[in-house]
Each structure stands twice: as structure tokens, then as C-alpha cells.
Amino acid sequence: MSSPFSINGGAAVAMVGKDCVAIACDLRLGLQSLTVSNNYPKIFPYGDVYLGLTGLATDISTVSDLLRYKVNMYRLREERAISPQTLANLVSSSLYERRFGPYFVSPVIAGLNHKDGKPFICGFDSIGCIDFAKDFIVSGTASDQLFGMCEGLWEPDLGPDELFETISQALLSAVDRDALSGWGAHVYIIEKDKVTKRLLKGRQD
Amino acid sequence: MAGMFAGPQEMMGYSFNTAPTSASEPRQHSFYPYTDNGGSTLGISGADFTIMAGDTRSTSGYSINSRHVPKLFLIGGEGPKNKGARIVLSVVGFAADGDALKEKLDKEVKMYKYQHGKPMTVSACAQRLSHILYNKRFFPYYVHAILGGIDEEGKGALYSYDPVGSYEREQCRAAGAASSLIMPFLDNQVNFKNHHIPGSGEGHDLKPVVATPLPKETVIELVRDAFTSAVERHIEVGDGLQMMILTKDGVEEQLLPLKKD
């Protein structure tokens, strides 16, 4: 239980729908069994691409700030917003740079491609290996529970509202069976020209 | 094999590096009496039925020992085939302990009928199983057991156990390797956890959906969904799905295929 990945706890999940994607996270921050905060979101926006980070809290801050810096530099140099595919490669190479002293994070990306509007999600291990999934990506201490929920609830071509219900039920029921995650959730539904952010209360225990 | 037992004069060697001599250092050998044979089980009870299910794969480490080792057993009933049995035991964990536990419980339920002239009730069998497990408190049966039957009121009954006999009657329970994948799915789909009645209030004033017993056909579908999902994401689950459907008319057994990869 002293794995750096499970000291602070937390969960994140991303899903593909029809012309939309969703990404969600829980809000708990803990030190082993002690809950320190019940308002610690793990999703970070980079333009209209979203990054979920679970793992060691100090590395979540470091990696999210490092990527904010890199994405800002990209936008200034290129004079355009970063696409989800480009961000995925940026995250991957940034993590692999620390191959022998990794950041203890499991990132998740969700966004729509700027050119063709195609949904894009992917996940990474802590040293930057990319998992391009067509359906869903899970990460965090509730990843087993999330795999079971997503595999059972997800189906292809869900609309934005159905996708919101699916990802919310998957996350809430998953974190209710994980002592290190929970305390409410943030859910983002990303459509072509609209992003909806919802705050879910969930079980408060 | 012969090499393992051959003497040094045959220049065949031993299974260990050097032949032991009277002058050699003390060697530590170890024996671990348990193996994890993987797999998963689940049970769901309804208004007048109970459904028990388990996959039939048996593993040790990354190897598959067999694609058909049942984890569901009929308890009581007549003869070695347990004809007319009305109680089902599922065991997952260490298969040898599971078998020993099944044999012991089956023997005791049969002895009960022989001595008392009436079949054992599910609640009595449930408590007996708890005692059998606790009797080995300091060298436990390495299993998660689930016991299913129909209670004295005709309702579906389901009891789940930890390896040392702590037990509880429940509506549904998943056990074994993929329990962490299946259990939250069951919470959500059987007990309607995180389901609310739309428009019944704001935030925590929203009224939760009250769980009502599901019809048998729905439960069978849920069991199949739970296992096909677990097979996708857990390497120790697969090959076959054994289901036992307990009603007032007896036990119906089904065997369905699961992915073999």
C-alpha cells in the first residue's frame, strides 16, 4: 500500500461517444486512509483538450504545470491551439524523458480532433507508453472497478446525454467500491462547439 | 525425472546445486500449502429464486490447468449425484480447499437428514458452513464461499463468507479474481446504487431508486453481462460459465461458453 500510485488515491475515466467525448474524475485527496481534501479535481484543460491525472498528488501538480507551460509555448510558437493527438505525443515524450525516475502519474486524454472533429481518447503508463483505445480509458486506484463498470455499461455511438449518464454511473459506482476514491466527481462532456462541465455530489463517505 | 534421484556416482546430479554432505551448511527449504486457482463466482437472489454462477477456468500463475473445473456444487440431495438437492455452494480461491469444504458440508447436510429425518434449512446450512470455516481459524480453507438456496418462506436466499467464516445474508455478491470488476456493476444494476428518480429534488434531496427484486430473465442477462465483461479484462476468468438456477421446483444447471483466450 505504500506504492506512490496509491498514497493519495483518486480515479479518472474517459469515454468515446457519437461526435463527442467525455472525461471524468473523482474529488478525493488523501494520505493513505486519512482524507485530506474533498475538493481536489484531477482534470486539467489545455485549450479544448482535457487531461486527467491520477497518482501521486505532488506529481499531478508538477506534470499538469509542466504541460501547461509546454502547451502555452506550443501555442505561441505555432499560433494555433494544440490538437489532442499532439498533446498525447507531448505527454508521452515528456514522461519518457524521466524513464529512470518517473512521475508517478497515470494520465488520460480526451478531446475532439480540430480538423475532422473525430473523438480522440488515450491513456498512458507512468513512462509514456500510449494506449489508443476506441472505447474507454480508465486510471487510478479504482481502475479495476472502472474496467468492470465501463465494460458492462459502455456501448458504441452514445449521444452526449447518454454518454454523460454512462460515464457518471460508471465512475460513481466504481469509486463507491474503492476506499481511496470518491467524495463527488467532475464530468466534462466535449462536443463540437460546446463543453459541458458538471459537478456530481455522489456519496460523501 | 530419474536424474533427480540419481546418485552422484552416476554423474547425474540433484535438483539442488550441490550434493548435501554431512559437513554442508544448513539449508532452508520451504513449503507453501496454498495456491490461487483464480476464477470468479457470483450469486444473486430474487423474490422466489436464487442464481449462482461461476466460470470454469482453473489457473495457477499464468498457466491454465483446465478449461472445465466447476466451482458450483450441489449440497445435500440423494446419492453421489446429489439428486433433488436444494442448496448450492460456490467456492473460489484454492480449489483443493474448495473441494474439501464442499465434501465436508455435503457430508454434514446428508448426515443431518439421516439423523433428523428432514432436510436441512438454508439458514441452518449457512450457519453450519460458518462453523466449518471457523473450525479451521488458524489454518483456514483458502476460499471465498457463497451459499444459495430457497428459505423457509420460499424467498431466494444468499449467504456470503470470508475464509474464516464471517457471514452475511445479501441480495447479491461477487467473489474471486474479478470480484472488484463485477461487484460495482452488481451494486449499480441489482441494487440500483447511484440511481435516482429524475426531478424528485435537488442534489442530495433527489430520491434514490428503491431496489426491488428483479425477474429471473433479467438476472440471467445480468449474470451473462457481468461474466462477459470480466472475461474481457481479467486473464484468470474465461472458458465456460456454469450457472445454477434455484427455484421451488429444484435446481436447473446451465453451461454456456465463454471466450477461451
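The mean number of Cβ atoms from other chains found within 10 Å of a Cβ in peptide B:225-237 is 3, as a whole number.
Scanning chain B for chymotrypsin sites (Phe, Trp or Tyr not before Pro) that sit in a DSSP loop and have at most 10 other Cβ atoms within 10 Å, the longest stretch containing none of them is B:139-261. Loop sites by DSSP among the trypsin sites (Lys or Arg not before Pro) of chain A, restricted to those with at most 16 other Cβ atoms within 10 angstrom, leave A:19-79 as the longest stretch without any of them. The portion of the accessible surface of the stretch B:34-255 made up by carbon and sulfur, rounded to a whole percent, is 52 (1.4 Å probe; DNA, RNA and ligands excluded). Only lysines eight or more places from B:Lys102 in sequence, or on another chain, were considered; those with a Cα closer than 30 Å are B:Lys71, B:Lys81, B:Lys83, B:Lys110, B:Lys113, B:Lys118, B:Lys136, B:Lys155, B:Lys216, B:Lys248, B:Lys259, B:Lys260.
Oblate is the label for the protein assembly as shown, because the ratio a/c of its alpha-carbon gyration tensor axes (a ≥ b ≥ c) is 1.5 or higher and a/b is not greater than b/c.
Computed from backbone phi, the HN-Hα couplings of the stretch B:76-85 come to x, x, 9, x, x, 8, 6, 4, x, 5 Hz, rounded to whole numbers (Karplus: 6.51 cos²θ - 1.76 cosθ + 1.60, θ = phi - 60°; Gly and Pro given as x). Apply 1/(1 + (r/R0)^6) to the Cβ-Cβ distance of B:Leu255 and A:Ala81, taking R0 = 45 Å, and write down the FRET efficiency to the nearest 0.05. With R0 = 45 Å, the Cβ-Cβ based efficiency is 0.25.
Extension gain, B:Lys83 to B:Lys113, is 9.4 nm, computed as 0.36 nm per intervening residue step minus the present C-alpha separation. Once you have a ≥ b ≥ c as the square roots of the Cα gyration tensor eigenvalues for chain A, tell me rounded if a/c is under 1.5, and otherwise prolate or oblate according to whether a/b is larger than b/c. Oblate, because a/c is 1.5 or more while a/b does not exceed b/c. Considering only B:Ala211, B:Ala23, B:Ala96, the Gaussian network model of chain B with Cα springs below 10 Å gives its largest mean-square fluctuation to B:Ala23. Counting lysine pairs in chain A whose alpha carbons fall under 13 angstrom apart, excluding pairs fewer than 8 residues apart on the same chain, gives 6. Among residues other than B:Lys260 with Cβ under 12 Å from its Cβ, the summed charge is 0 (Lys and Arg +1, Asp and Glu -1).
Relative to the dominant Cα principal axis of chain B, helix B:122-135 is inclined by about 30°.
Add +1 for every Lys or Arg and -1 for every Asp or Glu among the other residues with Cβ under 12 Å from the Cβ of B:Ser60, and state the total. Around B:Ser60, the surrounding residues sum to -1.
Within the shell of other residues whose beta carbon sits under 12 angstrom from the beta carbon of A:Ser168, the net charge comes to -2, with Lys and Arg scored +1 and Asp and Glu -1. Shape analysis of the stretch B:137-209 places it in the prolate category; the axes a ≥ b ≥ c from the Cα gyration tensor give an a/c of at least 1.5, with a/b above b/c. Give me the compactness ratio for chain B, meaning the Cα radius of gyration over 2.2 N^0.38 Å. Ratio of Cα Rg to 2.2 N^0.38 Å: 1.25. Here the Gaussian network model covers chain B, with springs between Cα atoms less than 10 Å apart; of B:Gly61, B:Gly201, B:Gly84, B:Gly201 fluctuates the most.
Residue separation of A:Asp135 and A:Tyr69 scaled by 0.36 nm, minus their Cα-Cα distance, works out to 20.8 nm of gained length.
Would you tell me the mean number of C-beta atoms belonging to other protein chains that fall within 10 Å of each C-beta in B:192-200, as a whole number?
That average works out to 2.
Placing a label point 7 Å from the Cα of B:His196 along the Cα-to-Cβ direction, the residues of the stretch A:180-205 with a backbone N closer than 16 Å are A:183-187, A:198-205. Free of any GluC sites (Glu not before Pro) that DSSP assigns to a loop and that have at most 10 other C-beta atoms within 10 Å, the longest stretch within chain B is B:1-151. Here r is the Cβ-Cβ distance between A:Asp205 and B:Asp205 and R0 is 25 Å; the resulting FRET efficiency, rounded to 0.05, is 0.90. Taking R0 as 60 Å, what FRET efficiency do you get between A:Asp48 and B:Asn65 from their Cβ-Cβ distance, rounded to the nearest 0.05? With R0 = 60 Å, the Cβ-Cβ based efficiency is 0.75.
The values are calculated or read from the model by the stated rules, or taken from the named source; none is laboratory data. Since the structure is predicted, the reported quantities are computational estimates derived from the model, not experimental observations. We place every Cβ from the backbone using ideal geometry, glycine too, and count neighbours over all the protein chains shown. Please note that ligands, DNA and RNA were not included when accessible areas were found on the heavy atoms of the full protein model with its side chains. Shrake-Rupley method; radii C 1.70, N 1.55, O 1.52, S 1.80 Å.
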